[in-house]
Each structure stands twice: as structure tokens, then as C-alpha cells.
1. Using the number of other C-beta atoms within 10 angstrom as an exposure proxy, rank 220, 121 with the fewest first.
2. For segment 16-235, what is the percent of antiparallel DSSP beta bridges, rounded to the nearest 5?
3. As a footprinting exposure proxy, order 172, 113, 258 by other Cβ within 10 Å, with the fewest listed first.
4. If you stretched the chain out fully between residue 143 and residue 158, how much longer would it get, using 0.36 nm times the residue separation minus the C-alpha to C-alpha distance?
5. Could the peptides 311-319, 194-202 be put in order, highest first, of the mean number of other beta-carbon atoms found within 10 Å of their residues?
6. Which ordering of 43, 226 is given by a fewest-first count of other beta-carbon atoms within 10 Å?
7. Taking 0.36 nm per residue of separation and subtracting the Cα-Cα distance, what length does fully extending residue 27 through residue 314 add?
8. Length gain on complete extension for the stretch residue 76 to residue 226, per 0.36 nm per residue less the alpha carbon to alpha carbon distance?
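Each reported figure results from applying straightforward, stated rules to the coordinates on display, with no laboratory input. The structure presented is a predicted model; accordingly, all values stated were derived computationally and were not measured. All Cβ positions, glycine included, derive from the backbone under ideal geometry; neighbour counts span all protein chains shown.
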């Protein structure tokens, strides 16, 4: 994939649609992308039309993408989406002026691109942050170009239009902030303020979710509706448990007791081997991964809750969590299966009884009808 960088002249006055056409995207593919993305972010038909018009008329938004304490899995997820439109076109919808990982420039050229963007596009550029920000020892645990991550983040955020925190590291600290947190790593929202901040949770987030956030910003020129953790409600309003295809097995009390047991081979619920689906909000079960093919639970692995705050400190991944506050999961998991069996047995017994009563009643009615008919056919038998 060709990435816009400081080494290639950029047409800032070019609209998003014009740039897509220049890259060989057909009108049909463009409209299909708009309809698909509109469905992802929950837009009605009028909203899709608004998105289409916005992408046709608006210029590309300058983007500065910073990397701090992280493993780059968010960038990897983003650029390796198997959806062809997202993978080949989405980065063309933004002008990626600075990214330590993706840009071709390096050293002084890279730093010049960063300075030019934040100077020439004050209040217009979007700041994307991948990774947590260390604050211990004046932030010396992460330095780029002679500056600490903390200094860079504060400098670039000053004139940004909005801030997007990609992944669990930037949104809640992730493994860097796990106990004992030696670098005093903090998420973006605990370091930067005064700007709208969108937390796109996950380790990493789903590529199409990342795409949806950017398209929403481009279309409506405002941040999407957020939940209490600053996550877009379009993607984080439902628990993984609620959209999981294994949910019927949970309701029936059918659980995997250990990996590779017979129940695992049958595809039963993974709650008892550590699945955090009942307390994790994400779109994994609906949008899924790899072009909608699968997600961890479908692959036989329990959800580890990577889109929730402090998930690294929320207990061993493969052990059943004692309790999920507010859901009563433990009692349900232990008792639901027995209750279901009891209800089934009770229902079968009641059904059998009612069937016998009905049959006896029908037999009695038929016997009475037969007797009446016999009297009509042979009146002398009565005497």
C-alpha cells in the first residue's frame, strides 16, 4: 500500500472522492463503500446519503499519527484489513502527514513534516495516538527525536481538532500500565485535556471499527456519540456475550469445562474457561475479523476483555472469573443448566399428563358417540 508521506507532494485541495477516482476507484465501488460503512456505524438511509455527499465534496483531513509505548498492533490491524475498500482506499481519505511507522521519510525530513502540519493546519488536523504515555522520571522511558512522548503529545495536541486514542494502550494503558506499572504509563485521556478524545478500544481494535470512526469524523465534522469510557456507542454499546453465536449454549447450561474436551469440540459456551464476553463491550460478534470471517470465540478462544479498562489486571485469562458485578453470571452459569433440565423434565411430565387426560377425554367422547349411534341403529336393544 502506498502511504502519503513527506516525500510525496500532496494535493490538499483535492476532495476525498476526487482522490479516490485518481486511484482507480469506480463510482460503483465508492457508493458500495458508503453503503457498507453506513451500515457499520448504524446510519439510516438519509445518513448514508449525507456521508456520500460529504466524501464527494470535503477535502482530505490532515492526520498526525503518533506512536508511543505500544507494539504497533493497531496500525497492523488498520492497514491489513481484508476488506478491499478499507485496505486500499481508507488511508487515501486522510492525508497521513506524519507516522513514525508508515511514512517513508525519517529523521529531519520526518520532523519537518510534523512541524509543517501542526503549523499550517492549526485547528484542522486530527491527532491519532497509538500507545500509552509514560510519566515517571519526567517521561524518559519513551523518547523520539530528543523529546519525551509526554512533550510530543502535549505539543501536537495543542492545536489538534480532535484526538483519537487507538487501542487499549492509548485508551486505558494496557500492559504497560499493568501492575506494578514501572514507567507510570497513562492513557491519553489522563494526560491530555481540552480536546475531544475518542477511545477506540481493543488490543487491537477491529480495522472496520477504526475506519468507521474516521469516516464519521469526516462526514459529520464532529465526534460520534460516546459511552462512559469515551468509546463510540455505534461499536461498543453491546456486550460480546449478547451477540455471541454460542449464547444459546450458555442459556441451555452447556459449557466447555476444559480446553479440547468433548464440549469444546461441540462448540459449547466458553464462560467457564475464562471468557469475559459477559462483561466486555465490543463489536467482535457482529463485525468480526478478517473480513467478517471469524473472531476469537468462533476460533475456540475465550474473549479476554481487551476492549475494557485494565483488562491485564482483571485476573488470569484462562480461569473462570469469580463474579461479574451487575450480571449475576455465576449463579446463572451454575444453576441455569439444572434449571433448564428441571424445566424440560417438568414440561415433559406436564405434557404427558395433559396428553393422557386429553386422550381419555377423547376416548370417552368417542365411546358416548358410539353408544348413541348404536341405540339409533338398534332401538330394540334398549328394551
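1. Values: 220 15, 121 20.
By the 10 Å Cβ count, ascending: 220, 121.
2. Details: 6 of 25 bridges.
Around 25 percent of the beta bridges assigned by DSSP in segment 16-235 are antiparallel ones.
3. Details: 172 27, 113 20, 258 11.
Least to most surrounded, the residues fall as 258, 113, 172.
4. Details: separation 15, 0.36 × 15 = 5.40 nm, distance 1.89 nm.
Extra length from residue 143 to residue 158 when fully extended: 3.5 nm.
5. On the way: 311-319: 14.9, 194-202: 21.9.
Top of the packing list down: 194-202, 311-319.
6. Values: 43 22, 226 16.
So the residues, fewest neighbours to most, are 226, 43.
7. On the way: separation 287, 0.36 × 287 = 103.32 nm, distance 4.75 nm.
That pair, residue 27 and residue 314, stretches by 98.6 nm at full extension.
8. Extra length available between residue 76 and residue 226 comes to 51.5 nm.
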